[in-house]
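Okay, so here's the structure we're looking at.
The values are calculated or read from the model by the stated rules, or taken from the named source; none is laboratory data. Every value quoted in this text rests on a predicted model; they were computed, and no experiment measured them. FYI the Cβ positions are ideal-geometry reconstructions off the backbone, even for glycines, and counts take in every protein chain you see. Heavy atoms of the whole protein, side chains included, go into the accessibility calculation; ligands, DNA and RNA do not. Shrake-Rupley method; radii C 1.70, N 1.55, O 1.52, S 1.80 Å.
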Amino acid sequence: MEETTNEIWKEVTILYSFDSRCNIVARYDVRNERFKYYVSSLGRFKRNDRILHAKPDKVGTITYTLNKHRFKLHQIVLQTFHPEGIKNGYSPDHINRFNRLDNSLSNLRWADKQTQLQQEQTDFAIEKIEQNKAQAKKDYLKEQSGAYVDWQKQSNKYGANAEQQAQMGMSNTGFSESSQVSMYNTYQNRVMT
């Protein structure tokens with residue numbers, strides 16, 4: 001039996017299923033003569049002495065079948081370690097919704113439907129804010145890069161503009177120097193915003 005520091009294992013005996021309104025639908029005794037099921041405080045599952053590893057579904061939820069009844073791993077963990085929370089209106093819930101693979105006891109709680117919906121909305125808002133921050137940073141860096149490129153193009157006295165100025169006969173009139181200062185000031189103003 002491989003164990004991790006501070007990991008506690010408990011035998012799974014009774015599990016409940018819930019409907020979409022967090023009401024208890026059925027009670028199942030999952031014990032049988034052939035298999036003993038265990039779950040750990042770190043969210044690991046084993047049958048007899050063998051730790052099982054299931055692949056998560058599309059949503060990121062891990063599910064196991066115990067005596068022909070399917071249960072999500074986070075439900076098994078919370079119901080086994082905190083059976084006092086089993087009541088109508090409450091169901092197991094991940095505290096960190098961004099990592100549904102974390103089925104450790106420290107990431108689970110009993111929550112009513114209203115709390116779960118509020119948490120989902122908060123998480124959605126936080127995710128949108130993070131996306132907007134990333135986009136703003138990307139736009140800012142793009143503007144800075146564009147400002148520098150524009151300044152270089154306009155102030156390069158060996159570029160296409162220098163040839164035009166020479167043809168117009170304004171090479172030593174001070175126009176070129178004051179234009180470069182003006183262009184550099186424009187560049188600095190764009191960088192500072």
**Asked** From Phe98, Phe71, which residue is assigned to a strand (DSSP E or B) and not charged (D, E, K, R)?
**Response** Phe71
**Asked** Taking Asn99, is it within 28 Å of the chain's Cα centre (by Cα) and either surrounded by fewer than 18 Cβ atoms within 10 Å (Cβ to Cβ) or on the phi > 0 side of the Ramachandran plot (or both)?
**Response** yes
**Item:** Criterion: in contact (Cβ under 8 Å) with a residue 24 or more places away in the chain, aromatic (Phe, Trp, Tyr), out of contact with any helix residue (DSSP H, G or I) (no Cβ under 7 Å at 6 or more places or on another chain) and closer than 16 Å to Lys10 by Cα - qualifying residue of Tyr28, Tyr38
**Value:** Tyr38
**Asked** Which members of segment 11-32 meet the condition of being open to solvent by 40 Å² or more (accessible area, probe 1.4 Å) and of a type in the set (Gly, Ala, Ser)?
**Response** Ser20
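Here is a yes/no grid of residues against (1) part of a loop (DSSP other than H, G, I, E, B); (2) farther than 22 Å from Ile8 by Cβ; (3) touching a strand residue (DSSP E or B) at 6+ places or on another chain (Cβ under 6 Å); (4) open to solvent by 40 Å² or more (accessible area, probe 1.4 Å):
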position: Arg34; (1), (2), (3), (4): yes, yes, no, yes
position: Gly43; (1), (2), (3), (4): yes, no, no, no
position: Asp57; (1), (2), (3), (4): yes, yes, no, yes
position: Gly60; (1), (2), (3), (4): yes, yes, no, no
position: Thr65; (1), (2), (3), (4): no, yes, no, yes
**Fill in**
When (1) on the phi > 0 side of the Ramachandran plot; (2) surrounded by 14 or more Cβ atoms within 10 Å (Cβ to Cβ) are applied to Val77, the one that fails is (1)
